[in-house]
1. In what sequence do Leu51, Leu14 fall when counting other Cβ within 10 Å, fewest first?
2. Grab the beta carbon distance between Glu72 and Phe49, set R0 = 30 Å, and tell me the FRET efficiency rounded to 0.05.
Amino acid sequence: MDRHLELQERKKKLEQEKKEREDQVFNHSQKYDQRTAMGKPHYTIPQPFILSEAKEVMSRATKEALDKQKAEYKFHPETLEA
């Protein structure tokens, strides 16, 4: 009978130690803080953006390459577009 009580006591002690380790590792006992020491959040804050408003800034080398490629075209259709 003493052995049975001893084993139950040991089982409770092991469960308590396991719970303490889990609390320490996973911070269950601590309240979740959204800010770090530097005052920034732990997560990414999404910023609004618009994909259709891309700036049309090309480098000079890119413009020259496109102009050279267009000059090599053999077919020049007449369209209403500029």
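Bear in mind that the values in this text are calculations on the coordinates, not laboratory data. The structure presented is a predicted model; accordingly, all values stated were derived computationally and were not measured. Glycine gets a Cβ as well: all are built from the backbone with ideal geometry, and neighbour counts include every protein chain shown.
1. Result, fewest neighbours first: Leu51, Leu14.
2. 0.25
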